[in-house]
Amino acid sequence: MHATIARLVRSSVTVLGAGSQGRRLAYMWSSRGNDVHLIDGKPSQLQESVENVNQLRSQLDPNGNFGKVRAHSPDFMRAALSESWLVVECVPERLRLKQEVMAQLDDLAPEETIIASNSSSYPCSELVSGLSLKNAKRVLSAHTYWPPETTVIEIMGHESTDPSLIRTMMERCAAHGFSPFHVRRSSIGYIYNRQVIHVRDGRQRAEGAGTPEEIDAIFKGVLKTEKGPFELMDIVGLDVVFDIEKHYAAARRDIPEQPRSYLASYLEKGHLGAKSGRGFYRYDSSPSMQPASHQEIASTTAA
């Protein structure tokens, strides 16, 4: 079967990793009636993810035409991939783990299935480096920020990526409610993160220029965004942000140590963001949040 025809026949998408991003991608890729296979090794996380997808549906589009989100253990991966035109990895931001996943997907997925990484800091050129893949031409990056509230998705290939697959991704992402952008050269941080890294890495906060809530407020006031950078970091998870920052620092020697030390001071206290109930803001069972006390702000700045 010709690869293009096979992709048209296969309507499902497989998402590997049922964490915060994986479950929200499951919502997006199922939002136009197509099924999603959501795979994770933790049964409790799979159950939470399906419940979260259903909650998003009832809140955002109760009358929508959604496909099914089918939760599976990794044992079902080959069968899921056989029905999928696309697989997106959303595993933790660790290079070796992501490379292991890439090699596994290359081995298990049908030849015409596109393999995409949702990594926020590792470009696909770095993920495939040193790997002996059977078909590296189908590997690309498909990075999202916080769907479905933020529909932007950045599509980036590497030097061997088949250009036709970039076009396919741009078209299919738009058809599934995303706002796709083509990153035309390999870039650590893609387009958006490269522009706001000086805010996102917490440098202004660490230097005492303003509290997280003040920086978020001015960011939203000027750019008219729904959330500020510190709110987004809390949602993503400060442990994940810390891993991303370490990679940025390894790749770009001009990034100072202070922002990572600042994040580490939160991690040492177990303050991981919304998922732990405390990060730059305090969280309870409701979506509302409260800023940290000024006493804590002062102490973390001094650290």
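Could you go through the stretch 137-157 and let me know if any residue there is part of a helix (DSSP H, G or I) and modelled with pLDDT under 95. Even if it seems obvious, please write down each step before you answer.
Within the stretch 137-157, the subset part of a helix (DSSP H, G or I) is 137-138.
Now restrict to residues that are modelled with pLDDT under 95: none.
No: the stretch 137-157 contains no residue that is part of a helix (DSSP H, G or I) and modelled with pLDDT under 95.
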Cross-chain or 6+ apart pairs with Cβ under 6 Å, the stretch 175-192 first and modelled with pLDDT of 60 or more, then among the charged types (D, E, K, R) and surrounded by fewer than 20 Cβ atoms within 10 Å (Cβ to Cβ): H176/R32
Residue within the stretch 68-84 that is part of a loop (DSSP other than H, G, I, E, B), open to solvent by 40 Å² or more (accessible area, probe 1.4 Å), more than 14 Å from V15 (Cβ to Cβ) and of a type outside the set (S, T, Y) present: no
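Could you list, in sequence order, all residues of the stretch 113-131 that are open to solvent by less than 10 Å² (accessible area, probe 1.4 Å), assigned to a loop (DSSP other than H, G, I, E, B) and more than 18 Å from R167 (Cβ to Cβ)?
The first filter runs over the stretch 113-131 and keeps only residues open to solvent by less than 10 Å² (accessible area, probe 1.4 Å), leaving 113-117, 119, 121, 123-124, 127.
This time we only want the ones that are assigned to a loop (DSSP other than H, G, I, E, B), so: 113, 119, 121, 123.
Listed by number, the residues that qualify are S119, S121, P123.
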Test: residue in the stretch 93-110 that is over 18 Å from A18 (Cβ atoms), more than 17 Å from the chain's Cα centre (by Cα) and assigned to a loop (DSSP other than H, G, I, E, B): yes
Flag if T150 is touching a Phe, Trp or Tyr at 6+ places or on another chain (Cβ under 7 Å) and touching a residue at least 60 places away in the same chain (Cβ under 8 Å): no
Total residues in the stretch 147-168, condition closer than 23 Å to D61 by Cβ and open to solvent by less than 30 Å² (accessible area, probe 1.4 Å): 3
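The values are calculated or read from the model by the stated rules, or taken from the named source; none is laboratory data. Keep in mind it's a predicted model, so treat the numbers as computed, not measured. Note: ideal-geometry Cβ built from the backbone for every residue, glycine included; neighbour counts use all protein chains shown. With ligands, DNA and RNA removed, areas are computed over all heavy atoms of the protein, side chains included. Shrake-Rupley method; radii C 1.70, N 1.55, O 1.52, S 1.80 Å.
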